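**Q** Pasting a structure below so you can have a look.
All of the numbers you see were taken from the coordinates with simple rules; none came from a lab. In this text, all values refer to a predicted model and were calculated from it rather than measured experimentally. When we count neighbours, we look across all protein chains shown, and the Cβ atoms used for this are built from the backbone with ideal geometry, even at glycine.
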Amino acid sequence: MSGPRNFVVVILDSLRYDSWLQAGPANLAHLGQVERRFSYASWTAPSHYNLLMGLLPHTSPPEVYASEYYKQDFLRYAERLNVPGMEFKSLLPSIFLPTYLRNVLGYETHAMVSMPVLNPHTVINRDFDSFELMPTHNDMAAMLAKLTFSEDRPSFYLLNVGETHYPYALPHEDPSKWPRISGVHGVFKRLDDDREHADHDAPAFFDDVSLRELHGRQIDAVTYLDGVFARLFDLLPSGTWVVVTSDHGELFGEQRYFGHGPISHEKVFEVPFVEGVVP
Ligand SMILES: [Zn+2]
């Protein structure tokens with residue numbers, strides 16, 4: 001093929017590496033061998049900003065300077081985008097992938113996100129032709145109907161997918177059946193409405209629900225999403241480069257941690273990563 005190719009980055013929000021392994025998604029396996037990688041951040045907003053700078057989850061290589069790792073990592077974009085010679089300095093001075101893709105390479109740039117902290121009013125909505133917060137937080141399939149590709153220009157899509165985020169609910173599941181952990185309602189609820197109860201969260205949530213069951217729900221979400229990926233792969237033009245990864249992991253009771261965010265633990269940084277040409 002000649003010229004830049006379509007580039008799709010799918011972020012399965014909060015997905016742990018071991019949840020992917022336990023689900024063993026067969027359709028996603030056609031994309032390539034899943035790798036164990038590490039997020040640069042422990043929660044959604046900084047992690048997405050980081051990856052929109054072009055820095056996808058890292059391999060944590062020992063005895064390598066950061067600058068050298070970034071340099072090597074950016075050289076991968078030559079293959080991802082089919083743009084020979086792409087390197088870190090190509091992104092200067094903005095160091096923002098959508099800016100480079102749209103203004104230098106002529107891409108159409110689109111984002112569909114599931115998490116309200118990434119809504120279109122936030123600073124990461126820069127140099128996107130379209131940027132949509134989806135009506136519900138957990139429906140990747142609804143994004144598929146909105147994908148469009150032009151004959152004349154390559155497209156970049158960022159898809160932030162929420163089925164793997166707490167409460168790990170599939171789109172057809174009745175919200176009244178979702179597991180409820182007291183005090184865990186997402187960042188806005190906590191900041192605005194739940195501050196007075198915040199001190200009581202830690203002892204309560206271990207009693208309320210089985211954390212193993214919650215982890216099982218995340219694994220089941222991967223199994224479900226694997227079917228959605230089969231449909232996505234059918235929709236994408238041939239030659240499209242696809243990255244599937246997560247913005248951070250999730251704690252399910254290890255060292256009395258639940259969730260992600262203000263947590264420093266290996267499992268909140270460990271994420272799955274796979275990329276390749278659409279199968
Ligand atoms: Zn997230």
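**Q** In nm, to one decimal, how far is the Q255 label point from the S2 one, both placed 7 Å along Cα→Cβ?
**A** 5.5 nm
**Q** How do the peptides 38-48, 136-146 rank, highest first, by the average count of neighbouring beta carbon atoms within 10 Å per residue?
**A** Those peptides, ordered most packed to least, come out 38-48, 136-146.
**Q** Moving to a separate point now. Residue farthest toward the positive end of the dipole of the range 59-183, with Cβ of Lys/Arg at +1 and Asp/Glu at -1: which of P135, V123, W178?
**A** Of P135, V123, W178, it is V123.
**Q** Report the percentage of all Cα-Cα pairs in the range 208-270 whose separation exceeds 12 Å, rounded to a whole percent.
**A** Details: 1461 of 1953 pairs.
Result for the distance tail: 75 percent.
**Q** Suppose the chain between E173 and D220 were pulled fully straight at 0.36 nm per residue; how much longer would it get relative to their current alpha carbon spacing?
**A** 15.7 nm
**Q** Would you work out which of Q72, L55, S2 lies farthest towards the positive end of the dipole of the range 1-147? Charges go on Cβ: Lys and Arg +1, Asp and Glu -1.
**A** Towards the positive end, the residue furthest out is S2.
**Q** Let's test the formula: R0 of 41 Å, r as the Cβ-Cβ distance of S238 and R180. What FRET efficiency results, to the nearest 0.05?
**A** 0.40
**Q** For the chain, would you read off the P(r) tail past 23 Å as a percentage of all alpha carbon pairs?
**A** So the portion of pairs separated by more than 23 Å is 53 percent.
**Q** Relative to the present Cα-Cα distance, how much length would full extension add between Q72 and E266 at 0.36 nm per residue of separation?
**A** Full extension from Q72 to E266 adds 67.4 nm.
**Q** Now a separate question. Working from Cα positions, state the angle (0 to 90°, nearest 10) between the long axis of helix 211-235 and the longest principal axis of the chain.
**A** Helix 211-235 sits roughly 30 degrees off the main axis of the chain.
**Q** Between T148 and A26, what FRET efficiency follows from the Cβ-Cβ distance if R0 is 22 Å, with the result rounded to 0.05?
**A** So, using R0 = 22 Å, E works out to roughly 0.20.
**Q** Now a separate question. In this model, which of K71/K267; K177/K267; K71/K146 are farther than 31 Å apart at the alpha-carbon?
**A** Working: K71/K267 26 Å; K177/K267 27 Å; K71/K146 34 Å.
In this structure, K71/K146 lie more than 31 Å apart at Cα.
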